[in-house]
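Have a look at the structure below, then the notes.
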Amino acid sequence: MAITYVPISNVTVGSGGSSIIEFTSIPQTYTDLLLKLSLRSSLAGAHGGSAQMIFNNSTAQNYSFRYIRGSGNTSPSSAGTDGTSFIRVTNNHPTAGNTANTFCNSEIYIPNYTSSHSKTVSEDMVEENNTAECYLAVNSGIWTLTNAITSIKLTSEATSFVQYSTATLYGILKA
Amino acid sequence: MSETLTKVVVNCETGEQQVLPLTAEEIAQREADAAAFAAEQAAREAEAAAAAEAKANGIAKLLALGLTQEEADALIK
């Protein structure tokens with residue numbers, strides 16, 4: 001059977017936390033990329049985490065994103081933003097007010113990352129929290145530049161990613 | 001003593017991982033982004049609270065008109 005799912009790199013945040021996780025020199029030999037995230041940020045309050053995803057260190061306003069999300073406690077909501085300098089992912093991931101030692105569980109799929117077309121992104125994410133309010137979300141995003149993706153930067157919008165947060169990048173090959 | 005903000009950079013070709021201090025530009029960007037995100041969150045929360053309050057007010061008025069709780073809930077859905 002062909003190997004179609006290859007771990008490229010894994011990051012585990014160390015003590016002291018980290019504000020940014022960055023994958024550089026991404027091999028151009030796969031068809032798609034899959035990023036699995038388990039994140040928690042250090043901001044006060046609960047559900048306050050999110051991360052900005054930036055490709056190739058490009059902060060020009062060539063990104064857009066949409067999401068639909070619910071917490072099980074209030075009505076689901078949806079929104080989106082155009083012309084941003086990033087795609088927001090893992091929105092509402094755990095922060096200091098969530099149950100201790102809980103993290104989000106997110107999968108971000110990036111098809112055709114070496115193509116000369118716009119790059120699309122889809123994400124499904126749940127957070128963990130041992131109370132009535134616990135978010136889950138589906139997100140989509142687009143980066144309209146046509147460069148192949150060679151680096152992915154994730155920046156915490158909620159102070160820093162805490163210790164034991166992880167990010168793993170996989171390459172997906174055609175079967 | 002102020003905390004040193006860091007980033008983890010992994011080179012996918014070599015597997016080398018480095019923990020580096022943020023540049024002044026990255027720190028400034030991060031602060032601006034955090035402020036914008038906090039404002040956005042606050043606005044969203046205020047909007048959700050206003051919607052919940054409007055819903056509760058609506059139900060109260062329906063009950064005052066003589067509807068049962070079940071009937072009011074069915075109309076609000």
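All of the numbers you see were taken from the coordinates with simple rules; none came from a lab. Predicted, not measured: the structure shown is a model, and the values here were computed from it. For neighbour counting, all protein chains shown are included, and Cβ atoms are generated from backbone atoms with ideal geometry for every residue, glycine included.
Got a sec? How would A:Cys134, B:Cys12, A:Cys104 order by Cβ neighbour count within 10 Å, fewest to most?
B:Cys12, A:Cys134, A:Cys104
For chain A, with the dipole built from +1 on Lys and Arg beta-carbon atoms and -1 on Asp and Glu ones, taken about the Cα centre, which of A:Tyr135, A:Ile8, A:Ser78 lies farthest toward the positive end?
With unit charges placed on the Cβ atoms, the residue in question is A:Ile8.
Report the charge-dipole magnitude of segment B:16-77 in Debye, nearest 20, computed about the Cα centre from +1 at each Lys and Arg Cβ and -1 at each Asp and Glu Cβ.
Here segment B:16-77 has a charge dipole of around 420 debye.
Taking the Cβ of B:Glu26 as the centre, find all other residues whose Cβ is under 14 Å away and add up their charges (Lys, Arg: +1; Asp, Glu: -1).
Overall, the nearby charge balance is -2.
For chain B, what does the relative contact order come out to in percent, with C-alpha contacts under 8 Å and a separation of six or more?
With pairs under 8 Å counted, the relative contact order is 16 percent.
Bin width 10 Å, origin at 0, all Cα-Cα pairs of segment B:1-49: what percent of pairs per bin?
22, 30, 27, 18, 4
Simple spin-label model, 7 Å along Cα-to-Cβ: B:Gln29 to B:Glu70 in nm?
That separation, rounded to one decimal, is 5.9 nm.
What do you get for the angle between helix B:24-64 and the principal long axis of chain B? Use alpha-carbon atoms, 0 to 90 degrees, nearest ten.
That helix lies at roughly 10 degrees to the long axis.
Any idea what % of Cα-Cα pairs in segment A:93-132 are farther than 14 Å?
Every Cα pair in segment A:93-132 considered, those over 14 Å come to 57 percent.
Given the options A:Ser50, A:Ser41, A:Ser151, which has the most mean-square fluctuation in a GNM of chain A, springs set between C-alpha atoms less than 10 angstrom apart?
A:Ser151
Which FRET efficiency value, to the nearest 0.05, is calculated for B:Ala46 and A:Thr84 with the Förster distance at 25 angstrom and r the Cβ-Cβ distance?
Rounded to the nearest 0.05, the efficiency is 0.70.
Could you pull the Cα extents of segment A:34-175 along its three principal axes, largest to smallest, in whole Å?
45, 32, 30
Among A:His47, A:His93, rank each residue by its count of other Cβ atoms within 10 Å, from fewest to most, as a rough exposure measure.
Fewest to most other Cβ atoms nearby, the residues stand as A:His47, A:His93.
Give me B:Thr14, A:Thr144, A:Thr155 ranked fewest to most by other Cβ atoms within 10 Å of their Cβ, as a rough exposure proxy.
Lowest count first: B:Thr14, A:Thr144, A:Thr155.
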